[in-house]
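Each remark here refers to the structure printed beneath this line.
The values are calculated or read from the model by the stated rules, or taken from the named source; none is laboratory data. Values in this document were obtained by computation on a predicted structure and should not be read as measured data. Cβ: placed from backbone, ideal geometry, glycine included. Neighbour counts: every protein chain shown.
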Amino acid sequence: MNKEQFEKKIRAGEFRGADLSGSDLSEANLKGANLNGVDLSEANLSGADLQYASLRGVDLSDANLRSAYFFGADLKGANLFGADLFKTNFRGVDLSGVDLSGVDLSGAFLT
């Protein structure tokens, strides 16, 4: 399966609750994807487009989220412990209830 087919399956919600820890999803188009409950710990999502994605309860601990775009995404109950958030765009995202322990938010966009 090529990257485009993989992205399409993710956007369709075929991986809800799956273990995708350590996956390379850099620059992936995951706009509007349903990733509820997915384990993305230690995944590379640098530069990924996650606009309007549903990421409820997602484990993003120790993930590379550099320059990822989360505008309008739903991150309720997500775990971002230790994630790399340099230049990550969280504009329009409600981060209340998100585990941000051990996270350096300098360089992230939080309006």
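Could you go through region 28-40 and let me know if any residue there is at pLDDT 95 or above and either surrounded by fewer than 15 Cβ atoms within 10 Å (Cβ to Cβ) or outside any loop (DSSP other than H, G, I, E, B) (or both). Yes; the residues of region 28-40 include at least one that is at pLDDT 95 or above and either surrounded by fewer than 15 Cβ atoms within 10 Å (Cβ to Cβ) or outside any loop (DSSP other than H, G, I, E, B) (or both).
Among the residues of this structure, Asp24 does not count as one that is out of contact with any helix residue (DSSP H, G or I) (no Cβ under 7 Å at 6 or more places or on another chain) and either modelled with pLDDT of 95 or more or basic (Lys, Arg) (or both).
Scan region 1-14 for residues that are among the hydrophobic types (A, V, I, L, M, F, W, C) and touching a Leu at 6+ places or on another chain (Cβ under 7 Å) and jot them down. Matches in region 1-14: Ile10 only. Out of all the residues in region 44-57, is one or more touching a Phe, Trp or Tyr at 6+ places or on another chain (Cβ under 9 Å), under 21 Å from Gly102 (Cα atoms) and surrounded by 22 or more Cβ atoms within 10 Å (Cβ to Cβ)? There is at least one residue in region 44-57 that is touching a Phe, Trp or Tyr at 6+ places or on another chain (Cβ under 9 Å), under 21 Å from Gly102 (Cα atoms) and surrounded by 22 or more Cβ atoms within 10 Å (Cβ to Cβ). Can you tell me how many residues within region 88-106 are modelled with pLDDT of 90 or more, out of contact with any strand residue (DSSP E or B) (no Cβ under 7 Å at 6 or more places or on another chain) and exposed (fewer than 15 other Cβ atoms within 10 Å of the Cβ)? Of the residues in region 88-106, 1 are modelled with pLDDT of 90 or more, out of contact with any strand residue (DSSP E or B) (no Cβ under 7 Å at 6 or more places or on another chain) and exposed (fewer than 15 other Cβ atoms within 10 Å of the Cβ). Looking across region 41-85 at every residue that is among the acidic types (Asp, Glu) and part of a strand (DSSP E or B), the one that is farthest from Asp24 (Cα to Cα) is identified as Asp74. If the condition is being among the aromatic types (Phe, Trp, Tyr) and surrounded by 20 or more Cβ atoms within 10 Å (Cβ to Cβ), then region 65-87 contributes Tyr69, Phe70. Residues of region 54-111 that are β-branched (Val, Ile, Thr) and in contact with a Ser or Thr (Cβ under 8 Å, 6 or more places away or on another chain): Thr88 alone.
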